[in-house]
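In what follows, a single structure is set out as structure tokens and then discussed.
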Amino acid sequence: MTPVSRLFATILLFGLLSFSAPQQSAPAPAAPVPATPQTAAPAPAAPAEAAPAQLQGAEQPSTNIRVQVNEVIVPVTVTDDKGKFVSNLVASDFRVLDEGRPQRISFFSHEQKQPIVVGFLMDLSNSSRIHWKTYQEALKELVWGLLPGDKDNKYTGYLIGYANVAELLENTTWDGEKITAQIDRQKAGGGSALFDAIYLACTSRQVVKGEPFEPRRVIVIMGDGHDNTSTHSLEDVLQVAQRNLVTIYAVSTQAFGFANETQNVLERLTSQTGGHVEYPLNTLYRDVSGYLSTPSDEGNYALTVGTGGYAAEISGNIIKAVGGIAGEVQTQYVLRYNPDMDPELKPRFYRKIKVDIPSLPTAKVYARDGYYPFGAPPASTP
């Protein structure tokens, strides 16, 4: 081979080696490709870990709906045969019958100072005029007793006055001073729109988050049960109160010795929602000789005895009645259950319930007498 041929061969060989070298090194960048799945492998695990949180998020609305719609709340007060509160019971002492069928209690509480939202309904009609100042002071005592000034909204209330019409005088607040200030401004006179006041309390006020379970809904009426100007009927407001899981109490302003054709109104409102009526004026004259021989109608329901202790007894009895209701509202037993319904029974518009204590057959049990299925509105804030 000539020197020229050897030179040409050398140049050709060098060119071939230079061309093949990049082809051999080309797989080097591809080397990380197998590593890519290894690095990304944990990524699918992230959704797997997030799945329970997403599931919980999906289940949470369902749970809320179940609690707010299907779960029945039953506040209960128990007294012995002498009228004293029985306060040492446990969940197993109670029996709840829903249309006669025993239920399993899923929640039980007997805590002091239970969260509540309470509506104070003040009778501003003519029937309250004779003892007006005493009623005002008693209602203020009730407000101060039930609203300790908790800014966390565990204890809130509102004030509704009713005469010819019902009016929301102070909307839902934790500040009892705002309510008592409004009580001081009121004057009695006119008709009575009690039923409209109850309807207003159940439908047209600010709602506290967590109602009606925690806080519970309570209404306290201070009046004689008379109604002559409402646009709603007794049956209307009973149904709306029961649907909204409201417990109604009342301090009757009816005096002893006078007939009140509407006395059963307060009894129905309270007994069918789980509360009761206090009659602070019904014992004033029992020990006064000859009280029936000298009646005096100075208002709608007034008897003038003319003794110095009369006013003190009135005030004392009213304050005592108010204090009893305040204590009961805050220390009730609270039961909840998810209705276990007999599938053979036809659906009912209103379901009857009964709460008793088999081990204390003589005890008096105050509890709502029934409920409307799916009747509780969702708790929400305005």
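Data table
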| read-out | value |
| --- | --- |
| Given (1) outside the structural domain of Val90 (by TED's automatic domain parsing); (2) at pLDDT below 75; (3) within 28 Å of Thr273 (Cβ to Cβ), number of the condition Leu345 does not satisfy | (1) |
| Odd one out for Gly316 among (1) assigned to a helix (DSSP H, G or I); (2) at pLDDT 75 or above | (2) |
| Condition check for Val165: more than 21 Å from the chain's Cα centre (by Cα), farther than 30 Å from Val365 by Cα and either not basic (Lys, Arg) or not assigned by TED's automatic domain parsing to the domain that holds Val208 (or both) | yes |
| Yes/no for Ala188 being crowded, with 23+ Cβ neighbours inside 10 Å and in contact with a helix residue (DSSP H, G or I) (Cβ under 9 Å, 6 or more places away or on another chain) | no |
| Among residues of the range 170-181, those that are farther than 20 Å from Pro115 by Cβ and surrounded by 18 or more Cβ atoms within 10 Å (Cβ to Cβ), counted | 1 |
| Residue in the range 213-226 that is without any contact (Cβ under 8 Å) to a residue 40 or more places away in the chain and assigned to a loop (DSSP other than H, G, I, E, B) present | no |
| Among (1) in a loop (DSSP other than H, G, I, E, B); (2) closer than 28 Å to Gln239 by Cβ; (3) modelled with pLDDT of 80 or more - the single one Ala326 does not satisfy | (1) |
| Unmet requirement for Glu137, which otherwise passes all of (1) assigned to a loop (DSSP other than H, G, I, E, B); (2) out of contact with any Phe, Trp or Tyr (no Cβ under 6 Å at 6 or more places or on another chain) | (1) |
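Table: residues versus (1) more than 19 Å from Glu278 (Cα to Cα); (2) in a loop (DSSP other than H, G, I, E, B); (3) modelled with pLDDT of 95 or more.
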site: Glu167; (1), (2), (3): yes, no, yes
site: Ala201; (1), (2), (3): yes, no, yes
site: Lys209; (1), (2), (3): yes, yes, no
site: Gly257; (1), (2), (3): no, yes, no
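One line per residue, one yes/no per condition, for (1) among the hydroxyl-bearing types (Ser, Thr, Tyr); (2) crowded, with 22+ Cβ neighbours inside 10 Å:
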{"position": "Val86", "(1), (2)": "no, no"}
{"position": "Ser109", "(1), (2)": "yes, no"}
{"position": "Leu124", "(1), (2)": "no, yes"}
{"position": "Trp132", "(1), (2)": "no, no"}
{"position": "Tyr135", "(1), (2)": "yes, yes"}
{"position": "Trp144", "(1), (2)": "no, no"}
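To keep it simple, each residue is scored yes or no on (1) modelled with pLDDT of 80 or more; (2) outside the structural domain of Trp144 (by TED's automatic domain parsing); (3) more than 20 Å from the chain's Cα centre (by Cα).
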site	(1), (2), (3)
Ala197	yes, no, no
Pro215	yes, no, no
Leu234	yes, no, yes
Gln263	no, no, yes
Leu284	no, no, yes
Ser289	no, no, yes
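The values are calculated or read from the model by the stated rules, or taken from the named source; none is laboratory data. Just so it is clear, the model here is predicted, and its values are computed rather than measured. Every residue, glycine as well, gets a Cβ built from its backbone with ideal geometry; the counts of neighbours run over all protein chains shown.
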